[in-house]
Amino acid sequence: MVSFTDAIAKAESLGLRDSLLPFMFVFVLVFAILEKAKILGENAKRLNVVIAGIMGLLFVIPHVMHTYPAGYDPVQIANDSIPDVALIIIGIFCFFLLVAMMSGKGADSMFSPKITTSILVLSGIAVFLIFGGNAGWWNVGFLQGITLEQVGNVALVLFFLFLIYYVVKGEEKSGHLHIPGDQRK
């Protein structure tokens with residue numbers, strides 16, 4: 001039985017990353033732009049397919065034939081850049097996921113707008129620190145000895161201190177401790 005890793009290795013040996021994926025990438029982008037912009041008219045789908053195919057082939061064939069000058073091969077530049085762009089997209093998705101978890105609408109909002117804004121900023125910083133740490137950005141100067149586990153521990157302590165402050169800072173109203181977000185009178 002062939003494993004998934006073996007199948008990927010076989011596809012790579014057949015030129016998946018050097019020809020097929022770059023061709024499909026350019027084809028899909030050009031076709032989508034031509035369809036959306038309607039440059040060639042309303043009912044020009046077949047013509048858009050032909051033009052997108054030609055542009056995809058013009059992008060890939062010089063790479064396969066090794067006719068691009070060294071350092072100017074757009075397929076190589078795309079293959080080097082797209083994983084980084086995908087990582088940024090994943091980071092943005094993680095940030096929006098945290099935002100969706102922490103925010104609510106109207107009466108469903110668990111926190112005041114100030115607290116929600118603070119949580120959003122801290123979530124953004126956390127995602128940035130996590131991705132930066134995994135990318136090795138913090139292995140410089142005075143940050144060199146700090147591990148992700150230490151950063152996580154400090155973040156956890158800060159979170160609990162923030163939570164304690166938030167609960168304790170409740171306002172006094174008619175002799176009762178008011179906890180922000182509590183709807184009882």
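The values are calculated or read from the model by the stated rules, or taken from the named source; none is laboratory data. Just so you know, these numbers come straight off a predicted model, no measurement behind them. Note: ideal-geometry Cβ built from the backbone for every residue, glycine included; neighbour counts use all protein chains shown.
A compact table of results
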item: Conditions (1) in a helix (DSSP H, G or I); (2) over 27 Å from ALA155 (Cβ atoms): number failed by THR117; result: (2)
item: Any hit, segment 153-169, residues being at pLDDT below 70, closer than 30 Å to ASP84 by Cα and part of a helix (DSSP H, G or I); result: no
item: Any helices (runs of 4 or more DSSP H) falling wholly within segment 1-112 and containing at least 3 residues that are modelled with pLDDT of 85 or more and among the charged types (D, E, K, R); result: 4-13
item: Failed criterion for VAL49 (all others in (1) touching a residue at least 40 places away in the same chain (Cβ under 8 Å); (2) surrounded by 14 or more Cβ atoms within 10 Å (Cβ to Cβ) hold); result: (1)
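A quick yes/no check of all residues on (1) outside the structural domain of LEU163 (by TED's automatic domain parsing); (2) among the β-branched types (Val, Ile, Thr):
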{"position": "SER19", "(1), (2)": "yes, no"}
{"position": "VAL50", "(1), (2)": "yes, yes"}
{"position": "ASP80", "(1), (2)": "no, no"}
{"position": "LEU87", "(1), (2)": "no, no"}
{"position": "VAL99", "(1), (2)": "no, yes"}
